[in-house]
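Here's the structure, in structure tokens; my notes come after.
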Amino acid sequence: MSLAVGSKSWYRLYSLNTVDKLESIYESESEDVCIVERLFSSSLVAIVSISSPRKLKVCHFKKGTEICNYSYSNSILAVKLNRQRLIVCLEESLYIHNIRDMKVLHTIRDTPPNPTGLCALSINNDNCFLAYPGSNQIGEVQIFDTINLRAVTMIPAHDNPLAAIAFNAQGNRVATASEKGTVIRVFSVPDGQKLFEFRRGVKRCATIYSLAFSVDSMFLAASSSTETVHVFKLETPKDNKTEEAQGWMGYFGQALKTSANYLPTQVTELFHQGRAFATARLPSSGLINVCALSVIQKIPRLLVASQDGYLYIFNLDPTDSNECVLVRQHRLDGLTGDSHVTEVTPYDKPLTHQQSTTSYASTVKKPEATVGAGTNMAPPDSEPYQEMDQGATGGEDLKGLGQLRLDDDNEFPPMTHKND
């Protein structure tokens, strides 16, 4: 698993193979970074600087070379990458690049104002979907097929504007949260059917900073402006064909189910909303953070990178709902001191079969900085990219793409330059 960390004066790339060591694999002390995104465990890095917020640089960090750069009409708010596409998100448009030659394939124009650059790109090659807000008034999610370059569906996810979106590793589920931050929903893709609904809290509204699925899509983590990180279990209750419980408890349960049909919709939904399977506690609240679920050393882990400059690693027991145990915290500024270790509790046992891990590339800044970059019912108009002077410019000299012809399976992509 990898981690990208940026600040006003540097950016670093880390590798995390054990909980005890956060290994620095690259450091750049001259970049005033506001966005840094690494393509999985490859040498390809996309960078946007504070001094040039409209310019995207694609670099090969191991060779120390710039492959290409593109300039856009407005500030870049987010960059997303997978093995086939690179997405650049501006406030009111999205650019879809072919990652193998960095050509602009498609531009989605006139999207609803999206000042935070909220969007998500599936990492799956077969379900290579892009999700972005379809409205700035309510929580609509637009799903776009980045391979066939067409709109797929619109999901009416929430009554309030969206705050977070995330795909699972298979690209067939998308999780959403609104600005209210009390309910998290999971929908199937591409049909948009609601699969799960979870309540993060009732008393306190919160800003949801990030959502993250586990690799097997059995768990969903949600971090927010509170000190609590919630982990939900995505399991469908089994249909019990056995006889219902006898006595007054059975009668009460049946009466409750019947009466729910006559209650207001908002009250009825409470009976069907799941609660957190597990929680983790951060040292403080109100700090921007990014969470991820992974398997490290055969044990499920919850990871949270916070604006306070630390990466927190918790153990997650998939068989027992408990508060997650903090086992390690690492500084993200490159210094080695002031780390914390907690003894592993007995139930923190390895999985019987090691699972694969997903990359964890997010942008985290120093404590004084921030983590991160950057009402139409029908999908906004989108059109094939044609005129460079209307949007992205650059990328004329792409000779550096040949440097990414790599043999290592862990290094992607094996790019080849196309000569038109």
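The values are calculated or read from the model by the stated rules, or taken from the named source; none is laboratory data. As the structure is a computational prediction, the values presented were derived from the model and not from experiment. Note that each Cβ is placed from the backbone with ideal geometry, even for glycine, and that neighbours are counted across all protein chains shown. All accessible areas refer to the heavy atoms of the entire protein, side chains included, with ligands and DNA or RNA removed. Shrake-Rupley method; radii C 1.70, N 1.55, O 1.52, S 1.80 Å.
Some observations on this one:
- Note on LYS8/LEU105: beta-carbon distance plugged into 1/(1 + (r/R0)^6) with R0 of 45 Å gives a FRET efficiency of 0.85.
- Separation of segment 271-320 and segment 179-212, taken as the distance between their Cα centroids, equals 16 angstrom.
- Dipole check for segment 1-76: with +1 at the C-beta of Lys and Arg, -1 at the C-beta of Asp and Glu, and the Cα centre as origin, the magnitude is about 200 Debye.
- Accessible surface, 1.4 Å probe, highest first, among residues THR65, THR182: THR65, THR182
- Over 20 Å (Cα to Cα) - which of LYS57/LYS103; LYS62/LYS298; LYS55/LYS80; LYS80/LYS103; LYS8/LYS103; LYS21/LYS57 fall in this group: LYS62/LYS298; LYS8/LYS103; LYS21/LYS57
- Pairs of Cα atoms nearer than 8 Å and 6+ residues apart set the relative contact order; for segment 1-76 it is 21 percent.
- Accessible surface of HIS106, taken over heavy atoms with a 1.4 Å probe and every protein chain present, rounds to 10 Å².
- Each Lys and Arg Cβ is given +1 and each Asp and Glu Cβ -1; about its Cα centre, segment 150-225 then shows a dipole of about 200 debye.
- For ARG83, the accessible area of its heavy atoms, probed at 1.4 Å with every protein chain present, is near 80 square angstrom.
- Surface calculation, 1.4 Å probe, protein heavy atoms: LEU16 sits at approximately 10 Å² accessible.
- Most to least accessible of PHE167, PHE314 (protein chains only, probe 1.4 Å): PHE167, PHE314
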